[in-house]
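Q: This structure is in structure tokens; I'll ask about it shortly.
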Amino acid sequence: MLPALAHIRNWIFDLDNTLYPASTELFGLIDAKMTRFVQDLLGLDWDAARKLQKDYFHHHGTTLTGLIAEHGVDPHRFLDYVHDIEMDVLAEDRRLVEAIARLPGRKLIFTNGDAPYARRVLERIGLSEAFEAIHDIHACAYEPKPNPRAYARMAEAFAIDPAESLFVEDMARNLRPAKAIGMTTVWVNNGSEQGPGADERPYVDFEIADLGEWLHSILETR
């Protein structure tokens, strides 16, 4: 193991655009269904619904949290609708599967999606047996990343020490609270979040482009 990571006992991964490439555009299908949900719920045209959806995302952490706060939307109804998509764009990445299997310690999923959707994704990419548990939006009590309470709930739920934990995310903004409680942070800079590089984000410890390649590199370091 890379000496700088020898203390890591808990490997925590975001799901979408982290464990599969953003280039698949799977999340784009979900994003479009979110806009359609807002459009149908409020009787808006596409552009107005799109703007409101993004406003909720930026101000509440997720579109769902905004819809719950502003309109009392049933989260199960919303999630069932937006996650009803085909996943044929996903494929197993054998290099990533092998690398995650070799990681020492506990392995967890921490996602703003829900567990049924996460399990479908993990099955498609060959990681259905790789993780101890999935901490999802329901477990976060609908206070999603980057709300600091989401991280506190996750750490408490699994009795993990943040100082012995590493968190991998494609959204750099979701790494700031993780770093604040002592986690080592890894940003998968795959284009899903635009902005400054890691040198302008002091809460990013590692900036990478390919998760499987990076995991193999740290495991092969002597």
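The values are calculated or read from the model by the stated rules, or taken from the named source; none is laboratory data. Everything numeric here is computed off the predicted structure, so don't read it as measured data. Here Cβ is always computed from backbone atoms with ideal geometry, including for glycine, and neighbour counts include all displayed protein chains. Each accessible area value is taken on the protein alone, full model and side chains, heavy atoms only, with ligands, DNA and RNA left out. Shrake-Rupley method; radii C 1.70, N 1.55, O 1.52, S 1.80 Å.
Q: Under a crude label model (7 Å from the Cα following the beta-carbon direction), how far is Arg9 from Val89 in nanometres?
A: The two pseudo-label positions are separated by 3.9 nm.
Q: A follow-up question, please. Where a Cα-Cα gap under 17 Å defines reach, which lysines qualify for Lys145, not counting those fewer than 8 residues away within the same chain?
A: Lys54, Lys179
Q: Next question. Carbon and sulfur: what percent of the chain's accessible surface (1.4 Å probe)?
A: Carbon plus sulfur share of accessible area: 50 percent.
Q: Before I look further, what does the range 1-123 give for accessible area per residue, probe 1.4 Å, in whole square angstrom?
A: On the way: 5870 Å² over 123 residues.
In whole numbers, the range 1-123 has 48 Å² accessible per residue.
Q: State the extension gain, in nm to one decimal, for the chain segment bounded by Asp74 and Ala159, taking 0.36 nm per residue of separation less the distance between their alpha-carbons.
A: Numbers: separation 85, 0.36 × 85 = 30.60 nm, distance 2.97 nm.
Between Asp74 and Ala159, full extension yields an extra 27.6 nm.
Q: Also: Treating the beta-carbon of each Lys and Arg as +1 and of each Asp and Glu as -1, no other charges, what is the dipole magnitude of the range 108-222 about its Cα centre, to the nearest 20 debye? Kindly include the intermediate steps, with their values, before the conclusion.
A: Working: 11 positive and 19 negative charges, 64 e Å.
The dipole magnitude comes to about 300 debye.
Q: Please identify the DSSP H helices in the chain that span no less than 15 Å along the helix axis (Cα) and have a mean Kyte-Doolittle hydropathy of -1.0 or more.
A: Working: long enough: 26-42 (25 Å, 0.78); 46-60 (20 Å, -1.63).
Those that clear 15 Å and a mean of -1.0 are 26-42.
Q: Let me ask you something else. Efficiency by 1/(1 + (r/R0)^6): what FRET value for Ala180 and His59, r their Cβ-Cβ distance, R0 = 22 Å, to the nearest 0.05? Present the calculation step by step, with values, prior to reporting the outcome.
A: Numbers: r = 20 Å, r/R0 = 0.91.
Taking R0 as 22 Å, the efficiency between Ala180 and His59 is 0.65.
Q: Please work out the C-alpha center-to-center distance from the range 118-135 to the range 46-109 and express it in whole Å.
A: If you average the Cα positions of each part, the centres end up 14 Å apart.
Q: Separate question: Between (1) 114; (2) 124; (3) 132, which entry matches volume of the Cα convex hull per residue in Å³ as derived from the coordinates of this structure?
A: (1)
Q: Under the rule that an exposed site lies in a DSSP loop and has at most 15 other Cβ atoms within 10 Å, name the longest stretch of the chain with no GluC sites (Glu not before Pro) of that kind, not counting the sites themselves. Write down the numbers at each step before the final one.
A: Working: sites that count: Glu25, Glu86, Glu92, Glu129, Glu132, Glu220.
Counting at most 15 other Cβ atoms within 10 Å as exposed, the longest clean stretch of the chain is 133-219.
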